[in-house]
Amino acid sequence: QVQLVESGGGLVQPGGSLRLSCAASGTIYSITVMGWYRQAPGKERELVATITSGGITNYPDSVKGRFTISRDNAKNTVYLQMNSLKPEDTAVYYCNAYVNWRDRWGQGTQVTVSS
């Protein structure tokens, strides 16, 4: 059974930083694209960042220049470094990965940006 387990969420002041991690576990034959999405209360889930197995990244304009996605293929882990956080970044952040030719989701981790 493949699982994605996130960690690193929490409460941070505006302008602060957080680093999220997501590790894939279980019997893994293939992981292609990994990424992060978020969902704020009353809003739809939205893309935050993606990264291919070759390291090609993609960000929406809302986080470009502030967030950095990276991955360690040997550890089946993806990271999200979030800097210059704003209150509008408050959301549940979900890890996503295409593992063993299926789309997988983590359970989500809360990120709250507030003074």
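The values are calculated or read from the model by the stated rules, or taken from the named source; none is laboratory data. What you see is a predicted model; the values in this text were computed from it and never measured. Positions of Cβ are backbone-derived with ideal geometry, glycine not excepted, and every protein chain shown enters the neighbour counts. Remember, those area values only see protein heavy atoms, side chains included, never the ligands or the DNA or RNA. Shrake-Rupley method; radii C 1.70, N 1.55, O 1.52, S 1.80 Å.
Working from Cα pairs under 8 Å separated by at least six residues, relative contact order for the chain is 37 percent. Annotation for Lys75 and Gln3: the two label points, set 7 Å from Cα along the Cα-Cβ direction, are 1.8 nm apart. Sorted into 5 angstrom bins from 0, the C-alpha pair distances of the stretch 12-51 split as 6, 13, 18, 22, 22, 10, 6, 3 percent. By accessible area, using a 1.4 Å probe on protein heavy atoms only, the chain has 47% of its surface on carbon and sulfur.
What accessible area per residue, rounded to a whole number of Å², is obtained for the stretch 52-115 using a probe radius of 1.4 Å?
For the stretch 52-115, the per-residue accessible area is 52 Å².
Protection proxy ranking of 13-20, 64-71, by the mean of other Cβ atoms within 10 Å over each peptide's residues and highest first, is 64-71, 13-20. In the chain, the ratio of gyration radius to Kirkwood radius, Rg to Rh, stands at 0.96 when only Cα atoms are counted. Compared with the alpha-carbon gap, the fully stretched path from Gln110 to Leu47 is longer by 21.1 nm at 0.36 nm per residue. For Lys86, the lysines whose Cα comes closer than 21 Å to its Cα, not counting residues fewer than 8 places off in the same chain, are Lys43, Lys64.
Modelled label positions at Ile28 and Ser84, each set 7 Å beyond Cα in the direction of Cβ, lie 3.1 nm from each other.
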